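The next block holds one structure in the form of structure tokens; read it before the comments.
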Amino acid sequence: MLYKKSIPQIIQEAKESGEHTLKRTLSSTGLVSLGVGAIIGAGLFSLTGIAAAENAGPAVILSFIIAAVACSFAGLCYAEFASMIPVAGSAYTYSYATMGEFMAWIIGWDLVLEYALASATVAVSWSHYVNELLMTFGLTIPHEFLKGPWEGGYVNIPAILIVCLLSLLLMRGTKESSTVNNILVILKVAVVLIFITLGWSFIDSSNHKPFIPTNEGEEMLKNGEMGLWAFLRSDYFGEFGISGILRAAGVLFFAFVGFDAVSTAAQEAKDPKRGMPIGIIGSLVVCTILYVLFSYVMTGLENYKSFEGDAKPVATAFANTGYTFLNTALIITIIAGYTSVILVMLLGQSRVFYSMSKDGLLPKMFSDLSKNQTPWKTNAIFMVFVSLFAGFVPVSDLGHMVSIGTLFAFTLVCIGVLVLRKTNPELERPFKTPLVPFLPILGVIVCLLLMASLPIESWERLGIWLLIGIAIYWFYSRKHSKVRKSQR
């Protein structure tokens, strides 16, 4: 038997109020700001350079478009669920209602991978920009304390510090965190617009040629030196050419993970039926337009090869504009932007664990609320967990792990819309995903295609993570599940 949580039961839980529930403090504008705050960050300011240098070249612009299209499919599915089931937990809660408890656990555990490691990824990039800022004042952080042991250092201390500070802010309260996020978002969007506006006139068209660099494996195929299957398994797959564009799209999917973080805050929205679709789709549209323009200018200012191994490619590219007096302001606003991403990712993660704990799948301490009505124990535990990843794991490895976790979550949400339209067609849907079943099926196909384009190491790490999660479910969660107990 599939143990499912009924939609009426979920909706009833969403109507609960009191000191043991989350506060509804977020407006539609606040939700869009939350989404933009989570989306624009390391994916744009750091991973754009990495994806251009290692995978797509100037065609990283196409990679952003492909990733955005895939996100739009999943985003529309998220919007339907979030307006219909306005509770904390995001894809975890949706899966519980459509595919049963086990799949809900899998997706909840997967979301931990997404949000926690996304926070760590951005924290690593944040630390490099902080060091760049300090250098303008004649100070510097020793290399050993900016990188983990796998990159020739000891530990990334600034990355650990920012994770701890923002975790403490989240323990203070959602309203306070949202206010800080709104200020950071204004600064972040401003710097993106300044970069695009000032950088446009300095674009060197030769940096965009060839627009799609040739994959060496493709040349070997033409010469009959290797078969297609050998090419797909070779190191050449994903390094420029069409396969490079696809792999870059898979990597840059990380740059869009923020919009689904909006859905984790549904239980804190003032008017979730109206606000959630606006927050999810609005933030996705705004950020896609900015991403495409930003990547076009960035690869036009500097040859894509120069971004290899560069954790601060935006500062490198902007140096070619001659506006040196703005470099410090640029770095400060990028740091502010990174800060908002970490903040929203940490918030999203804690809300997923809060929901899982409320259902009995995790110990009660994860849903214990402070006097400010925040899941402070979850924030504290993940402050330690995320800090360790931020302090010791390389940024590229973290980015790949986040991308595959996110794509897996999106795939299940798209499937969930199809299932719920079949099993519960009578339910009220304030927002309806258009072109069902065509659009959700496209979402599944594109997400799986991008997952397939990621390195095999990403699949191995996802497999290990899910095996750990299954073990926890088998030995603890299924024995303490409130839904399972009520349906026996």
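The values are calculated or read from the model by the stated rules, or taken from the named source; none is laboratory data. Please read all numbers here as calculations on a predicted model, not as lab measurements. Positions of Cβ are backbone-derived with ideal geometry, glycine not excepted, and every protein chain shown enters the neighbour counts. Heavy atoms of the whole protein, side chains included, go into the accessibility calculation; ligands, DNA and RNA do not. Shrake-Rupley method; radii C 1.70, N 1.55, O 1.52, S 1.80 Å.
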* To do: Calculate, in nm to one decimal, what F137 and I445 gain on full extension: separation in residues at 0.36 nm each, minus their alpha carbon distance.
  => 105.9 nm
* Debye sum, Cα scatterers, segment 93-214, no solvent: what log₁₀ I/I(0) at q = 0.10, 0.16, 0.17, 0.23 1/Å? -> -0.58, -1.10, -1.13, -1.23
* Asked: Per 5 Å bin, what percent of the C-alpha pairs of segment 56-154 does each bin hold, from zero upward?
  -> 3, 10, 11, 13, 14, 12, 12, 11, 8, 4, 1, 0
* To do: Return the distance in nm (one decimal) between the two label points of a simple spin-label model at I456 and W150, each offset 7 Å from Cα along Cα→Cβ.
  => 1.7 nm
* Asked: What accessible area, in Å² to the nearest ten, does a 1.4 Å probe give for I186?
  -> 120 Å²
* According to the Cα gyration tensor, what semi-axes, each the square root of 5 times an eigenvalue, does the equivalent ellipsoid of segment 359-454 have, listed from largest to smallest in whole Å? -> 32, 24, 10
